Amino acid sequence: DLRGFGRPGPSPREAEGPAETGGADGAGRHNVANYVRFLRSFIQRLTDGAVNPESDHGVALLGHSFGSVVAAHLAAESPAMVQRLILVNPISEPALTSDRVWASQVADTYYSLGSKLPFGLGDKLLRSNTATDIMSRELTTTQDPELREYIVNQHRAYFGSYAEKRVIREAYVSSISRTVAEVGPPLTMPVLLITGGGGPVGA
């Protein structure tokens, strides 16, 4: 789980900074730069410091969807820590320039509205299974009923697991603006790409 979702609490807001747009990051914001710092620290703690930015061996790191962006950026910044990189459904272009830009615009309006409403109303909207189901079913292209239901249930379970309203908005802005392609050229370790051919969510 990344900071602000699931078990880890939100990143502490040490100081106000600009929202991430093309690389700027503020202290305590939930963006790629801070997710990479969190993941780097997690790997070092998990290995009792054996894997670190100066170590002579690394881990096999797998990132899926938005996780592919975080994993690739960590590998580019700290290549000694990543011996092999696996990217599943990697995000290679910003969502707002893709062929489904309309869906990203709808989602942007949804998250923006949820973050601006008073806490009770905004939180209720952002955790709404109805809104999540509509987005899931619209973006899922597979016609396999069991797989479609699995995807919907996964989105229900995890889209609403954020710690605070600001977390979901900041993470969303980051997810539609950063890509694996930004750091592709510097990657020197073996990289395995696993992609689906059927659409944005589900093959």
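The values are calculated or read from the model by the stated rules, or taken from the named source; none is laboratory data. In this text, all values refer to a predicted model and were calculated from it rather than measured experimentally. Here Cβ is always computed from backbone atoms with ideal geometry, including for glycine, and neighbour counts include all displayed protein chains. Only protein heavy atoms, including side chains, enter the accessible area calculation; ligands, DNA and RNA are left aside. Shrake-Rupley method; radii C 1.70, N 1.55, O 1.52, S 1.80 Å.
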Practice problem: Please sort 148-158, 35-45 by packing, taking for each peptide the average over its residues of neighbouring beta carbons within 10 angstrom, highest first. | Solution: 35-45, 148-158
Quiz prompt | Extension gain, Tyr150 back to Arg137 (0.36 nm per residue minus Cα-Cα distance, nm) | solution = 3.6 nm
Quiz item: Once fully extended, how much extra length lies between Leu46 and Arg84, figured as 0.36 nm per residue of separation less the alpha-carbon to alpha-carbon distance?
Solution: 12.0 nm
Quiz item: In what order, largest first, do Asp144, Asp56, Asp1 sit by accessible area if the probe radius is 1.4 Å?
Solution: Asp56, Asp1, Asp144
